[in-house]
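Some notes on the structure that comes next.
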Amino acid sequence: MLSLSLLLLFLFSALGLGFRLDRGTKSTTLQAMANRGGGRGQRGQRIVEPERAQAILWDVDGTLSDSFNLGFTSTKTVLANNGKASISEDEYHQGTKFTTPRRLAWHVTGDPDDPSGIALGQQFDDLYVKLVSTETAPLYEGIQELLDAVKREHAHVKYGALSNACGAYVEAVLRVNNLNEMFEVRAGADEVPAAKPSGDGLLQCSAALQVPPHLCVYVGDSPTDAMAATAAGYMASIGVLWGSHPEKAVRDAFTVVATSPIELELLIMNLCEFGSFLWVPKKYDSEEDGMV
């Protein structure tokens, strides 16, 4: 039986009524709406079992970890140490679509392929990996609860992480936040055949998890994350709006978008239980308005 809170959620969504989700109104479990497999339909027809998500892959910065200040201040330090002009927060956010060497080259020359980025990127990695802690790279509020809830309801679902940062950074962020055991696969741009927006890294992660790509989901904050998921043939890409990128760019790129970890949890639960989105959050016009 479906929980009362989830039934109400579906009912209100169907009626077009807007409301915000919180942990007091959201069901923490998605049970089968009916016997979706193994039974018989009308006239003896076999009910087809849906293909449910078996692995959730995650971007790190701007998705799992609130590490903006660490990345921004480390970037400015490297630029200053090399006599280069500083950058604004907006310029930093724009550059996060690149891998670290290409981002530094872009900040300095405007050309992400300028060879100067290689040495600058190495200096950046050497600096900021050592600075990773729960103070500089904490999980966003609600992410730990989300990860635990999905695992509690769907223990078979596997987690992995793929970032365009270096692999040592991915390991450091997951380690300080006690997620190494939960995340069976962890990789950075320097550990995969090609960085995002290529799908090669996600395909490598799927193979390591032994899960077919079409049963995997990628969660990220950058349009390049969505492009990588599409290139890899993933079931879906879920964009989050608490990262570095403009809302319109995120909404245009991803299969569906979450405005909060609670919405993200429900979307992931949908895919793990039903293999599709039975509920999709509506867009907020403003913080004061309800859903529209």
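The values are calculated or read from the model by the stated rules, or taken from the named source; none is laboratory data. All values reported here derive from a predicted model rather than from experimental measurement. All Cβ positions, glycine included, derive from the backbone under ideal geometry; neighbour counts span all protein chains shown.
Just to check your reading of the model, which residue among Ser276, Ser244 is modelled with pLDDT under 95 and either surrounded by 18 or more Cβ atoms within 10 Å (Cβ to Cβ) or farther than 29 Å from Pro50 by Cα (or both)?
It is Ser244.
Could you check Ala208 against (1) out of contact with any helix residue (DSSP H, G or I) (no Cβ under 6 Å at 6 or more places or on another chain); (2) surrounded by fewer than 20 Cβ atoms within 10 Å (Cβ to Cβ); (3) assigned to a loop (DSSP other than H, G, I, E, B) and say which number it fails?
Among (1) out of contact with any helix residue (DSSP H, G or I) (no Cβ under 6 Å at 6 or more places or on another chain); (2) surrounded by fewer than 20 Cβ atoms within 10 Å (Cβ to Cβ); (3) assigned to a loop (DSSP other than H, G, I, E, B), Ala208 violates only (3).
Filter the range 223-276 down to the residues that are in a loop (DSSP other than H, G, I, E, B), in contact with a Gly (Cβ under 6 Å, 6 or more places away or on another chain) and of a type outside the set (Ser, Thr, Tyr), then identify the one that is nearest to Tyr92 (Cα to Cα).
Gly243
Condition test on Lys26, is it modelled with pLDDT of 50 or more and surrounded by 13 or more Cβ atoms within 10 Å (Cβ to Cβ)?
no
Can you tell which of Ser260, Ser237, Ser244 is in the same structural domain as Val60 (by TED's automatic domain parsing) and without any contact (Cβ under 8 Å) to a residue 24 or more places away in the chain? Step through it out loud before you land on a result.
Working: Ser260 fails: without any contact (Cβ under 8 Å) to a residue 24 or more places away in the chain; Ser244 fails: without any contact (Cβ under 8 Å) to a residue 24 or more places away in the chain.
Within the list Ser260, Ser237, Ser244, the selection yields Ser237.
Just to check your reading of the model, which residue among Ala161, Ala137, Ala155, Ala149 is within 22 Å of Glu265 (Cβ to Cβ), in a loop (DSSP other than H, G, I, E, B) and either in contact (Cβ under 8 Å) with a residue 12 or more places away in the chain or touching a Pro at 6+ places or on another chain (Cβ under 6 Å) (or both)?
Details: Ala161 fails: in a loop (DSSP other than H, G, I, E, B); Ala155 fails: either in contact (Cβ under 8 Å) with a residue 12 or more places away in the chain or touching a Pro at 6+ places or on another chain (Cβ under 6 Å) (or both); Ala149 fails: in a loop (DSSP other than H, G, I, E, B).
It is Ala137.
Name every residue in the range 100-127 that is assigned to a helix (DSSP H, G or I), over 20 Å from Thr224 (Cα atoms) and free of Cβ contacts under 8 Å to residues at least 12 places away in the same chain, in order of residue number.
Hits for the range 100-127 are Thr109, Ala119, Asp126.
Would you point out which residue out of Lys130, Lys84, Lys97 is basic (Lys, Arg) and either at pLDDT below 95 or part of a helix (DSSP H, G or I) (or both)?
After applying the criteria, what remains is Lys97.
Of these, Val185, Val173, which one is surrounded by fewer than 24 Cβ atoms within 10 Å (Cβ to Cβ), at pLDDT 95 or above, not in a loop (DSSP other than H, G, I, E, B) and not hydroxyl-bearing (Ser, Thr, Tyr)?
Criteria check complete, one pass: Val185.
Return yes or no: is Gln144 closer than 30 Å to Thr259 by Cβ, modelled with pLDDT under 95 and assigned to a helix (DSSP H, G or I)?
no
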